[in-house]
Amino acid sequence: ATVSRGGVIFMNASDVGWGPYVESWIQNREIESERTQMTSLFHKYVPKVFDYLFRNATMVVPIPEISRVQHLTYILEGLIGNGEEFFQKAKFIGLEKGQMLL
C-alpha cells in the first residue's frame, strides 16, 4: 500500500484480493439467509472458476480477479435485485419454498 500526499491510499489488488470486496457487498444484502448462502457460494465456486480459467483459458486481455468478481456482483444484482423483491415473493409463496430459490 502507498499513501499519497492527499491522503489517498493506493493498494495493489494482489495484496488485498477479492475477499474484502465480496464481504462488503454481501453485508449490504438485506436478507440474512441470502447473505449466508452468498458467502458460502462465493467461497466455494469463485476460487474454482479462477483456477479453471488459469489452467484452461487463454486471456486475450488480462482482467484482474477483483474486476471479474465486481462484474459478477453487478450481474447478480441485475438478476436478484437488492433482495426486497425476493423477500416479497418469498412472503407470497412461503418462507420455506422461498429458501429453495436461494
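Here are the numbers for the structure shown:
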item	result
FRET E, pair His71, Ile9, Förster distance 30 Å, beta-carbon r, rounded to 0.05	0.80
Projected label distance in nm at Lys91 and Glu32, using a 7 Å step from Cα toward the beta-carbon	1.7 nm
Projected area averaged over orientations for the range 21-85, convex hull of C-alpha atoms, nm²	4.7 nm²
Label-point separation, Glu23 to Lys48 (7 Å along Cα→Cβ), nm	2.3 nm
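Read-outs throughout are calculated quantities, based only on the coordinates presented, and are distinct from any laboratory measurement. Quick caveat: nothing in here was measured; it's all calculated off a predicted structure. So basically every Cβ, Gly included, is an ideal-geometry build from the backbone, and we count neighbours across all protein chains shown.
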